[in-house]
């Protein structure tokens, strides 16, 4: 094999489609854009959700509900989950800092503890919200609860 015999693999190099260069190019006349109309013109951009004159789906369907701008979103932890987290991550207390460092919550997430399951370990909780059932279960196990605002 010599340097002048080198060729790219078959199908690796494609010819550039040169449009708007006359009839001899094979793409002449309308330059592969069909016939007249907005789509053949330069600068054409289809409107989002346009359905060719049919009523768009976002206008056919009724409006439903609303989004409350004052809603406070919580990441929820049940007491049953907390025992698993204590074993897995060797936590001494449940606080926003500990959960963030271990990658369990985001930096600005709020935590709410719910009372589903049993708590075996004596733990300190520093969270944003807690249910009454969870609070009594934690205090019965010898733990303490601090609400962070």
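The values are calculated or read from the model by the stated rules, or taken from the named source; none is laboratory data. Predicted model only: the values in this text are computed from it and were never measured. Methodologically, a virtual Cβ is constructed for each residue, glycine included, from the backbone with ideal geometry; neighbour enumeration extends over all protein chains shown.
When you scan segment 89-105, do you find a residue that is at pLDDT below 95, under 16 Å from residue 141 (Cβ atoms) and not in a loop (DSSP other than H, G, I, E, B), even just one? Yes; the residues of segment 89-105 include at least one that is at pLDDT below 95, under 16 Å from residue 141 (Cβ atoms) and not in a loop (DSSP other than H, G, I, E, B). Within segment 71-86, track down each residue that is under 26 Å from the mean Cα position of the chain (by Cα) and either within 30 Å of residue 20 (Cβ to Cβ) or in a helix (DSSP H, G or I) (or both). Within segment 71-86, 81, 82, 85 qualify. Scanning segment 95-106 for residues that are under 19 Å from residue 129 (Cα atoms) and touching a helix residue (DSSP H, G or I) at 6+ places or on another chain (Cβ under 6 Å) returns a single hit, 105.
Within the option set 115, 80, being touching a helix residue (DSSP H, G or I) at 6+ places or on another chain (Cβ under 6 Å), surrounded by 11 or more Cβ atoms within 10 Å (Cβ to Cβ), closer than 16 Å to residue 136 by Cα and modelled with pLDDT under 95 holds for one residue only, 115. The single condition among (1) under 30 Å from residue 96 (Cβ atoms); (2) not in a loop (DSSP other than H, G, I, E, B) that residue 68 does not satisfy is (2). Taking the criterion of being under 30 Å from the mean Cα position of the chain (by Cα), more than 12 Å from residue 82 (Cβ to Cβ) and crowded, with 16+ Cβ neighbours inside 10 Å, the only residue of segment 130-149 that qualifies is 131. Against the test of being closer than 24 Å to residue 140 by Cα, in a loop (DSSP other than H, G, I, E, B) and over 24 Å from the mean Cα position of the chain (by Cα), the options 36, 122 yield a single qualifying residue, 122.
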